[in-house]
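The values are calculated or read from the model by the stated rules, or taken from the named source; none is laboratory data. Computed from a predicted structure; not experimentally measured. Because the Cβ atoms are built from the backbone with ideal geometry, glycine has one as well, and the counts that use them run over all protein chains shown. Note: areas computed on protein heavy atoms with side chains; ligands, DNA, RNA excluded. Shrake-Rupley method; radii C 1.70, N 1.55, O 1.52, S 1.80 Å.
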Amino acid sequence: NVWGTNNDNIDNNSKNKFSELKKKISVVSSKITESQNLHTEAHTRQFAKKLAKGVADMHIKQRLKDVISQNSTHLTPVVLFHGLNEDGSSLTVLSRWIRYALPGIYVHILGLGDRYDSFFTNMNRQVAACCEVLARNERLAHGFNVIGFSQGALTARGYIERCNSPKVFTYISFAGPQMGVFQVPAIHDEQSDFILQGAAYEEWSQEYLAPAQYFRHPMKPRLFSSESVFLADLNNERPIKNSTYKKNIESLQNMVLVKFSYDEVVVPPETAWFGFYKPFSVDDVESYKEKDLYKEDFIGLKKLESEGRLFFIECKGAHQEFSRGWFYSNILPFLNTTIDVSVLPNTLHNEL
């Protein structure tokens, strides 16, 4: 018996010391085993703090550092932004698809209220709320990928341009009205469209109606840059440009823009690719390359494209109509990435 408990030549005092040592090693061994079985960053941090406070032995602390180092690579988390007239529940199925295909990935559905809040809350306040919520989520501290749907794609881009802390690596836009819309998304009755087209740039619309804040009237191009309280700023289409917006977009690893061929919700559909009607026309559409936003590189699109980081994907379907197989083939490869989480918070390093 290696512990000497059955060896009569060892005195009782030695036996007691061996017994105590055996218990201590057993406890330490179980703690190390526990740490090895932890797979998420959050659990590893929690265990690290507990162990650092309760165990003084430097060898155990070093062992814990080794365990953290061995589990330093994780799948990049994903944050989902829902669209207009929706809430977080609209993305639960997609979240399951992602987690099924990429076991262990953390998927966060960002919901800031109910479906009415998405319609009647100022877009600037929606972006500010996103910045606050995402900054508090420790599981996103090392960065994440984003998928934004319709209006949510603009909210997500607003987060990137104005905050981007934690950092976004890949931005994926599903039918995002990047250059604006000329009809009310998801409603499209004549009365609503008439009201918005006639009053979109009124002060009350710009304050209280989210779609008005990314509405663009092709017959009134100058009013957009001066009166739009949200999208004109986000697109750097005002005389004074915000260099931070461009810098943050250029920091992306990828920008993926998905357009739906038969989209009748986001009008014109080409807005998903930064295209829009020509000025003073409601029939002829210009591509993104014909827009000053691209030609003068207001937000960094030209740089992304020149470096192979800008992707245009077309889905043969109506607005946000896609299959699981299509998603796995076209979008999942952009999500199957890893990040290094071995860089721990300073407070945790101090404890270790």
Query raised in the report: Relative to a virtual label point 7 Å from the Cα of Glu307 in the Cα→beta-carbon direction, which members of the stretch 225-256 show backbone nitrogen distances below 14 Å?
Result: 246-255
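Take every DSSP beta bridge with both residues inside the stretch 245-351 and express the antiparallel ones as a percent of the total, to the nearest 5. Before the final figure, lay out the partial values.
Values: 2 of 8 bridges.
Counting only bridges with both partners in the stretch 245-351, antiparallel ones make up about 25 percent.
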**Report entry** Residue list for the stretch 210-235, given a label point 7 angstrom along the Cα-to-Cβ vector of Val282 and an amide N cut-off under 13 Å
**Finding:** 216-220
Query raised in the report: Between Glu296 and Ala199, what is the label-to-label distance in nm when each label sits 7 Å out along the Cα-to-Cβ direction?
Result: 3.3 nm
Requested in this report: For the stretch 152-293, give the share of DSSP beta bridges that are antiparallel, in percent and rounded to the nearest 5; count only bridges with both residues there.
Outcome: 25 percent
Query raised in the report: Amide H neighbours of Tyr277 under 5 Å, counting only residues 5+ apart in sequence or on other chains, H built in-plane at 1.01 Å?
Result: Glu286
Query - Computed label-point distance, nm, for sites Lys316 and Asn336 using a 7 Å Cα→Cβ extension - result: 2.4 nm
Report summary line: Residue span Val93 to Arg324: 0.36 nm per residue of separation minus Cα-Cα distance leaves a gain in nm of 82.2 nm
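Largest first, what is the accessible-area ranking of Ser225, Ser323 with a 1.4 Å probe? Don't skip to the end; give the middle numbers.
On the way: Ser225 35, Ser323 60 Å².
Per-residue accessible area, sorted high to low, gives Ser323, Ser225.
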Query raised in the report: Asp117 versus Arg222, label points 7 Å from Cα toward the beta carbon: distance in nm?
Result: 4.0 nm
**Report entry** Area accessible to solvent at Lys295, 1.4 Å probe radius, in Å²
**Finding:** 110 Å²
Report summary line: Ignoring ligands and nucleic acids, Trp326 exposes an accessible area, probe 1.4 Å, in Å² to the nearest 10, of 50 Å²
Requested in this report: Take the alpha carbon atoms of the stretch 113-173, find their center, do the same for the stretch 73-97, and report the distance between the two centers in whole angstrom.
Outcome: 12 Å
Query - Shape of the stretch 269-315, Cα gyration tensor, a/c cut at 1.5 - result: oblate
Query raised in the report: To the nearest 10 square angstrom, how much accessible area does Glu307 have with a 1.4 angstrom probe?
Result: 90 Å²
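May I ask which of Lys220/Lys291; Lys246/Lys302; Lys246/Lys316; Lys241/Lys291; Lys167/Lys289 have a Cα-Cα span longer than 22 Å here? Mind dumping the intermediate values first?
Numbers: Lys220/Lys291 16 Å; Lys246/Lys302 11 Å; Lys246/Lys316 31 Å; Lys241/Lys291 16 Å; Lys167/Lys289 27 Å.
From Lys220/Lys291; Lys246/Lys302; Lys246/Lys316; Lys241/Lys291; Lys167/Lys289, over 22 Å: Lys246/Lys316; Lys167/Lys289.
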